[in-house]
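This report concerns only the one structure given below.
Here, each number is a calculation from the coordinates, and none is a lab measurement. As the structure is a prediction and not an experimental result, all values here were calculated from the model. For neighbour counting, all protein chains shown are included, and Cβ atoms are generated from backbone atoms with ideal geometry for every residue, glycine included.
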Amino acid sequence: MAKKKLSKIGRYKIIGELGRGAMGIVYRAEDPNLDRVVALKTILLSDDAEGRKDYHKRFFLEAKAAGKLTHPHIVTTYDFGEEEDFAFLAMELLEGTELRTRMKEGPLDIAEAVDIAQQVADGLGFAHERGVVHRDIKPGNIMILPRGQAKIMDFGIARMRSDDFKTSTGIVMGTPRFMSPEQVAGEPVDQRSDIFSLGVVLYEMITGTALFAGEDTPQIAHNVTSVEHTPPSRLNPDVPSMLDFAVARALKKDPAVRYQDAYEFAVDLRTCLAELRSRETAGKKGEKEGTRTVKIDSTTNRAPLAPAARSIASDTQLPLSKQFDSFAAVQRLNAPHRRDRKLLQLPRPVGFLRRVSVDAGPRLLFLSSLVAAAAGLYVALG
Amino acid sequence: MALVTNGATTALASVVFLKMHEFPRRPVTEQARLRAQLEAAVAITAAELDPASRIVLDAADGAAVVVLGDPLGALRLAERSLFAAAAGLPLAIGINHGAVQLAGAGRGDEGLAGDGIAVAANVAEFAVPSALLVSRSFRDALADVQPGLETQMLSAGSFTDAGLRTHEIFAPDHRVPRRRHRRYLAASIAAAILLVGAGVGARIQAEGQEKFLSAVAAKYRDTTAQGRSYWRDLMSKVKF
């Protein structure tokens with residue numbers, strides 16, 4: 001397909017090439033019936049007849065489901081079909097920048113990142129309500145339009161790829177860095193998997209770091225399933241505490257304690273966005289009036305959060321709280337003084353003498369017995 | 001017992017783990033509110049402690065306060081924090097006395113690690129909201145600083161954590177000191193009666209009942225005739 005110069009696919013007239021991926025080529029094409037320019041995504045089909053039949057069935061099912069999704073934050077699918085050895089999808093043509101490209105250009109402003117994430121969460125919520133799970137939420141599948149509108153691309157495509165496009169060694173092609181733990185483990189996935197993936201995207205946007213980066217796929221898969229994330233506020237002090245909590249909830253390894261609904265995630269992100277914008281406004285107002293804004297909000301530069309109680313093993317650590325000054329005690333622990341000998345000793349068992357000299361009850365019994373014994377002796381001896 | 005591991009001193013300290021019940025399942029707005037409320041509660045309760053004796057640590061679902069050399073202070077802090085539960089903070093508290101060690105490479109990731117923290121977290125995990133549980137080692141530490149206080153900690157059973165370690169746990173009961181005092185008072189009176197009675201018995205056996213009673217009556221008369229109280233006189237002789 002790549003070598004053959006195509007001029008037409010189905011009824012679509014090819015105008016030019018927009019990009020190439022693992023699955024096929026994306027063309028700019030024109031729909032002569034509606035005189036509309038579309039993005040035509042081609043997907044290479046399997047050579048195996050049996051596999052192709054299966055694929056065919058699934059492709060039409062998924063494409064139909066995706067075609068029903070008309071939402072401001074989802075790229076609209078207009079049409080789909082099959083031609084020779086590839087299938088194609090005619091989609092809304094967007095003039096914008098992929099989030100992946102935008103992230104490479106430099107760090108995103110936190111408010112901008114949260115805004116993008118809440119738009120994507122809204123789009124996902126809409127799709128999930130209709131029973132469609134994306135399965136491949138990643139920066140490469142999010143398009144940012146010039147006015148800041150975010151759109152999710154490639155709904156329904158991921159499943160086709162993950163099932164059909166495998167390497168000779170049997171490894172699933174894709175981006176495990178953004179997959180949910182259940183997806184990496186090959187378990188059935190639902191809408192919560194998309195929420196996890198969006199959590200990873202948001203994390204990377206606000207921290208500028210690759211969350212589950214690894215040298216190879218098994219390493220990444222291990223990180224996704226086992227490694228707890230460092231709270232974003234630790235890497236970017238401007239991250240408000242509520243955003244920390246929202247990200248933590250989206251990134252729960254256990255889907256049961258994750259956000260169950262993308263709309264719920266979107267609502268929390270909107271609250272974070274409101275906080276961030278009010279902070280920005282306060283900052284601007286301060287500048288305008290010639291005053292200096294001093295951040296006293298405890299949510300800024302806040303302490304890193306540690307693993308939950310149940311996951312603390314003896315070899316893990318809890319970070320010092322930045323809300324409290326523990327310097328004096330840390331110094332004392334670091335270099336114990338002579339008087340701190342007790343800090344290095346196990347509690348002593350309480351012996352008889354110490355017990356009767358300090359403990360009120362036994363002391364009363366002991367002394368009264370002693371006095372009574374003396375009285376008894378006095379009486380006995382006359 | 002002075003333990004030095006990889007250059008970092010390991011000390012024994014009381015760890016109060018304040019865990020917010022069902023924290024991960026709560027809406028994020030509520031999480032933020034609860035976190036702020038917990039920080040306020042810790043600020044108030046920890047203010048009673050010497051700053052050189054307490055280290056506050058953050059946990060994802062709560063906080064831990066490491067108290068150096070003051071198990072009584074740790075217990076007070078935990079009990080005062082429980083009052084916060086009345087203000088809508090769903091706290092479950094676990095206290096342990098165990099090893100803690102400074103950790104982190106000094107790049108803003110400083111913290112404390114150790115079994116002392118891990119066990120406190122496990123105990124807190126086991127506690128129900130508005131409840132305080134302590135480990136056996138904390139009970140022993142209390143006994144060491146104030147013998148008798150440990151009896152306030154009544155056995156609440158044992159549990160096995162995710163690492164298959166069994167922990168014996170205790171719950172405070174403030175009615176215990178009064179009950180214990182009454183028991184010791186009764187035992188003291190019984191012992192006194194028994195010992196004085198034994199002396200009287202021995203005297204009667206040696207002299208006979210009539211002689212003994214007449215001797216006591218004569219002494220009683222003598223002392224009262226001298227304007228003194230017989231019983232007071234008897235007590236002053238007994239007091240050496």
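Summing charges over neighbours of B:Arg180, with a neighbour being any other residue whose Cβ is under 12 Å away from its Cβ, gives +2 when K and R count +1 and D and E count -1.
Between the beta carbons of A:Arg130 and A:Leu34, assuming R0 = 30 Å, the FRET efficiency works out to 0.75 to the nearest 0.05. For the residue pairs A:Lys41/A:Lys68; A:Lys13/A:Lys53; A:Lys41/A:Lys138; A:Lys41/A:Lys151, the alpha carbons lie more than 23 Å apart in A:Lys13/A:Lys53. Shielding of peptide B:121-133 by partners, expressed as the average count of other chain Cβ atoms within 10 Å per residue Cβ, is 2. Alpha carbon centre of segment A:125-146 versus segment A:363-379: separation in Å? Taking the Cα centre of each part, segment A:125-146 and segment A:363-379 sit 86 Å apart.
Dipole size of the protein assembly as shown about its Cα centre, with +1 on Lys/Arg Cβ and -1 on Asp/Glu Cβ: approximately 2880 debye, rounded to the nearest 20. Here the label points at A:Leu44 and A:Lys64, each 7 Å from Cα along the C-beta direction, are separated by 2.8 nm in the simple model. Note on A:Lys342: aspartates and glutamates with a C-alpha under 17 Å away, same-chain residues under 8 apart excluded, are B:Asp50, B:Asp70, B:Asp140, B:Asp144. Summarising the label geometry, the points placed 7 Å from Cα in the beta-carbon direction at B:Ala36 and A:Val227 lie 3.4 nm from one another.
On average, how many beta carbons from a partner chain sit within 10 Å of the beta carbon of a residue in B:94-103? Counting other chains' Cβ atoms within 10 Å and averaging over B:94-103 gives 2. Summarising the label geometry, the points placed 7 Å from Cα in the beta-carbon direction at A:Leu145 and A:Lys57 lie 3.8 nm from one another. Projecting the Cα atoms of B:Ala141, B:Val200, A:Leu333 onto the dipole axis of the protein assembly as shown, where Lys and Arg carry +1 and Asp and Glu carry -1 at the beta carbon, places B:Val200 farthest toward the positive end. Its residue count N sets the reference 2.2 N^0.38 Å, and the alpha-carbon radius of gyration of the protein assembly as shown equals 1.45 times that reference. Put the Cα centre of segment B:132-152 next to the Cα centre of segment A:7-21 and the gap is 78 Å. Considering only B:Thr160, B:Leu185, B:Val128, and ranking their Cα positions along the charge dipole of segment B:120-188 that arises from unit charges at the beta-carbon of Lys, Arg, Asp and Glu, the one farthest toward the positive end is B:Leu185. Please work out whether chain B counts as rounded, prolate or oblate from its C-alpha gyration tensor, where a ≥ b ≥ c are the square roots of the eigenvalues and a/c under 1.5 means rounded, while otherwise a/b larger than b/c means prolate and anything else oblate? Verdict is prolate for chain B. Other protein chain C-beta atoms within 10 Å of residue C-beta, averaged over B:184-196: 6. Each part gets one Cα centre, and for segment A:65-109 versus segment B:166-230 those centres are 95 Å apart. What you get for segment B:143-240, charging only the Cβ of Lys and Arg (+1) and of Asp and Glu (-1), is a dipole of about 540 debye around the Cα centre.
The equivalent ellipsoid that matches the C-alpha gyration tensor of segment A:242-285 spans semi-axes of 27, 10, 4 angstrom, in descending order.
Taking the Cα centre of segment A:1-128 as origin and assigning +1 to Lys and Arg Cβ atoms and -1 to Asp and Glu Cβ atoms, the resulting dipole is close to 400 debye. Residues B:Thr10, A:Thr77, B:Thr223, arranged from fewest to most other Cβ atoms within 10 angstrom of their Cβ, appear as B:Thr223, B:Thr10, A:Thr77. Here B:Val66, A:Val330 are placed in order of increasing Cβ neighbour count within 10 Å, fewest first, which gives A:Val330, B:Val66.
In plain terms, the residue of B:His21, A:His56, A:His134, B:His174 with the fewest other Cβ atoms within 10 Å comes first and the most crowded comes last, giving B:His174, A:His56, B:His21, A:His134.
Here A:Gln260 and A:Glu187 are evaluated by their C-beta separation; at R0 = 22 Å the FRET efficiency comes out at 0.85.
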